[in-house]
Amino acid sequence: MGVYQTKAQVHAFERGFQAYGKGKSQSDNPYPREADYFGCWMQGFQKAQEQGRDAEQELQPRL
């Protein structure tokens, strides 16, 4: 996310990130598909999902 973003875009990203932590699904995105914020929310959700997967992999024993 090295591109300039407005406060509203950052807020949408954070909402998506937090939604994953609350056990929500991608279909819970509150923004309409055609809105710019839809993608920001989705990016936040997916970032949290990736971090969750990375954390799970670190916890698994290596054989």
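Tabulated data for the structure shown
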{"item": "Members of segment 10-29 found to be surrounded by fewer than 15 Cβ atoms within 10 Å (Cβ to Cβ) and charged (D, E, K, R), listed by number", "result": "E14, K22, D28"}
{"item": "Selection count where residues are modelled with pLDDT of 95 or more and in a helix (DSSP H, G or I), scope segment 24-48", "result": "15"}
{"item": "Residue in segment 11-22 that is modelled with pLDDT of 95 or more and part of a loop (DSSP other than H, G, I, E, B) present", "result": "yes"}
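The values are calculated or read from the model by the stated rules, or taken from the named source; none is laboratory data. Note that the coordinates shown come from a computational prediction; the quantities given were computed from them, not determined experimentally. We place every Cβ from the backbone using ideal geometry, glycine too, and count neighbours over all the protein chains shown.
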